[in-house]
Amino acid sequence: MASWKAFETAAPELARRVRASFEAHTHLTIATLRKDGSPRISGTEVQFDDGGLWIGSMANARKAQDLQRDPRFALHSGSGEPDEGLADAKVAGRAHEIPNQEHHKFRLDVTEASIVSLDDAKEHLVIDIWTAAGGVKQVKRK
């Protein structure tokens, strides 16, 4: 598992593209796990600060309770129109809560990240994937 800064160091170009995709959308979607193990999706906003990727949450929000119980998450940028050139970014990992009495604040550590886009000819789906163990690889699909 890596901090956002460690991911940026290991895969700077992919991290730049993922960050640009996240910052292009005000609202992202985060998946967490409910008490019974079933998935829950919630809206969220992200911040990049002090070499970290962060989310906040209102006090006692369900997504915060989910992350306190099981820190695994998946974060999705949302999809843009292919002609707009926006890539589809995803990050998965574990959330670490920073104590705060007014609201919840979580630092998101990264176990994997990906960006999905179209090639220049718009004929192939291009998936760039990073994992701490495997580094960066690219998959193309038609």
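The values are calculated or read from the model by the stated rules, or taken from the named source; none is laboratory data. Everything quoted here is computed from the prediction, not taken from an experiment. Cβ coordinates were reconstructed from backbone atoms using ideal geometry, including for glycine residues, and neighbour counts include every protein chain displayed.
A few points about this structure:
- Filtered by the rule that a residue be aliphatic (A, V, I, L, M), more than 12 Å from LEU75 (Cα to Cα) and outside any helix (DSSP H, G or I), segment 11-30 gives ALA11, ALA24.
- Among (1) touching a Ser or Thr at 6+ places or on another chain (Cβ under 8 Å); (2) of a type in the set (A, V, I, L, M, F, W, C); (3) over 19 Å from TRP54 (Cα atoms), the one test that VAL136 misses: (1)
- Number of residues in segment 4-55 that are modelled with pLDDT under 95 and hydroxyl-bearing (Ser, Thr, Tyr): the value is 2.
- The set of residues in segment 58-72 that are modelled with pLDDT of 95 or more and either among the β-branched types (Val, Ile, Thr) or outside any loop (DSSP other than H, G, I, E, B) (or both) comprises ARG62, LYS63, ALA64, GLN65, ASP66, LEU67, GLN68, ARG69, ARG72.
- Candidate set: segment 33-49, residues that are within 12 Å of the chain's Cα centre (by Cα) and in contact (Cβ under 8 Å) with a residue 24 or more places away in the chain; chosen: the one surrounded by the most Cβ atoms within 10 Å (Cβ to Cβ): VAL46
- Residue selected from segment 98-113 under the condition among the acidic types (Asp, Glu) and over 18 Å from ASP50 (Cα atoms), by the criterion nearest to the chain's Cα centre (by Cα): GLU112
- Count of residues meeting criterion [touching a residue at least 60 places away in the same chain (Cβ under 8 Å) and either among the basic types (Lys, Arg) or in a loop (DSSP other than H, G, I, E, B) (or both)] in segment 94-142: 3
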